[in-house]
Amino acid sequence: MKVANGYEYVAVLEGIAPKKYAMEGDPIGLQIGDLARKVRKIMFTLDVLENVVDEAIEKGVDMIIAHHPLLFRPLKNFDFATPQGRIVKKLIKHDIIVYAAHTNLDIADGGVNDTLSELLELTDTKVIVPTYFESYCKMAVYTPDFAEESIRLALVNNGAGKVSNLYTECTFSIAGKGRFLPGDNATPAIGEAGKLEEVEEVKIEAIFPRSKMDQIMKAVKLAHPYEVPVIDIYPIENVKSQMGLGRIGTLPKAMEMESFIGFVKEKLSIGNVRVIGDTTKIVRKVGIIGGDGNKFIHDVKRAGADVYITGDIYYHTGHDLLAIDLPTIDAGHYIEKVMKSSLLYQFETMSLMNTYEVELIVSEQNTNPFKFY
């Protein structure tokens, strides 16, 4: 097992939510701390508030990974008498790294909006507001036939083999004979040094987003029995994926709006919502944008949503929603808390693959500023 540093965990996060996905001007990345230091405990949180920092100190956390940046705007000074200054002072004093993944985590595959869509059981999901286009490659791995399944799993469990939102784990295999002559200094898994070897092999292929190349390559090499695996990568010109804000998808079955409101509250574990529009409508197609979705109401309407789920709807935006006849559930900004458990699971998987010695936890603090009476 290896005790990794902050840079190595940033690389893990980059594999999940690359910084290039972030909206322009979004202050993501390192907020406070030294990424060169060793990290033995990571905590995931939606917000970096003082109670969250106190929790991190109490639990001996080395690194906080947050969705909402602590420092949205540059500080002109560090006044430790202010609430934000107290937070900064505590983080520096206890040598805690703070790193933020905001709109890049909203946009990423498996990020905030995908997690919300999965909780609401939406199928055939598509991006609402395109912001980035991802090119694809194909990987061809040559392996002895007994290792085919482990290589296949290494590919599909790390993002390869997804064709649109309708098909996953798409791979192709063809059998053949592999030949190789190990040199004097080689330690072959099969065969002997200085003797030409012939092995029943399989070539297994899958497409993947170019941004996941390093992650998939590492996983395949770890799973491969050969000392020097043969792996070919080809650019794919006719496949591109669209990344962006929000998701629109279809419910397993249509339901009345009032029933759907209860369904949303149950699935997202929230006690109260605000509702705009006709509650007698039938709902089948759902648009969702975690966080503040005021700017995107016309995009959601054009996408064909029967209902829109987002947070922080303004008073006058509510009037606009009525005017365009788009029933909306304001579920609050706090629904983005789903990112904590989602990142925990993805980091657990990657830490096991990389044999990192680390404890991963989620913040137990409720950072929702609103109470309902």
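The values are calculated or read from the model by the stated rules, or taken from the named source; none is laboratory data. For clarity, every value in this text was computed on a predicted model and none was experimentally measured. For neighbour counting, all protein chains shown are included, and Cβ atoms are generated from backbone atoms with ideal geometry for every residue, glycine included. The area values use the complete protein model at the heavy-atom level, side chains included, leaving out ligands, DNA and RNA. Shrake-Rupley method; radii C 1.70, N 1.55, O 1.52, S 1.80 Å.
Observations, loosely collected:
- Cleavage-rule hits, GluC sites (Glu not before Pro), the range 134-230, DSSP coil, Cβ neighbours within 10 Å at most 13: GLU192, GLU227
- With N as its number of residues, the range 135-240 has a Cα radius of gyration that, divided by 2.2 N^0.38 Å, comes to 1.13.
- Take the chain with all the other protein chains still there, run a 1.4 Å probe, and you get 50 Å² of accessible area per residue.
- Simple point charges give the picture: +1 on the Cβ of Lys and Arg, -1 on the Cβ of Asp and Glu, and for the chain a dipole about the Cα centre of about 720 debye.
- Convex hull volume per residue, computed on the Cα atoms of the chain, equals 164 Å³.
- Here the range 1-137 exposes an accessible surface that is 54 percent carbon and sulfur, computed with a 1.4 Å probe and the other protein chains kept in place.
- Subset of LYS89/LYS267; LYS59/LYS89; LYS126/LYS265; LYS2/LYS76 violating a 28 Å alpha-carbon distance limit: LYS89/LYS267; LYS2/LYS76
- Dipole magnitude (debye, nearest 20) for the range 218-360, charges at Cβ of Lys, Arg, Asp, Glu: 260
- Relative contact order of the chain, pairs being alpha-carbon contacts under 8 Å that are 6 or more residues apart, as %: 21
- Between helix 6-16 and the chain there is an angle of about 80 degrees, using the helix long axis and the longest principal axis of the Cα atoms.
- Phi-derived couplings, Karplus 6.51 cos²θ - 1.76 cosθ + 1.60 at θ = phi - 60°, listed residue by residue for the range 89-101: 4, 5, 5, 5, 4, 9, 6, 9, 6, 10, 10, 10, 10 Hz, with x used for Gly and Pro.
- In loop segments of the range 67-163 as defined by DSSP, the trypsin sites (Lys or Arg not before Pro) with at most 12 further C-beta atoms inside 10 Å of their C-beta are LYS76.
- Percent of C-alpha pairs per 10 Å bin in the range 249-373, short distances first: 12, 38, 28, 16, 6, 1.
- Dipole axis of the range 277-373 (+1 Lys, Arg; -1 Asp, Glu on Cβ), positive-most option in GLY304, PHE372, TYR356: GLY304
- Under Karplus coefficients 6.51, -1.76 and 1.60, residue-wise ³J(HN,Hα) of the range 176-184 in Hz, glycine/proline x: x, 10, x, 10, 7, 10, x, x, 4
- Helix 213-223 and the longest principal axis of the C-alpha atoms of the chain enclose an angle of approximately 50°.
- For the range 40-55, backbone phi angles converted through the Karplus equation (6.51, -1.76, 1.60; θ = phi - 60°) give residue-by-residue couplings of 10, 8, 10, 10, 9, 8, 6, 10, 9, 9, 5, 5, 5, 5, 4, 4 Hz, Gly and Pro being listed as x.
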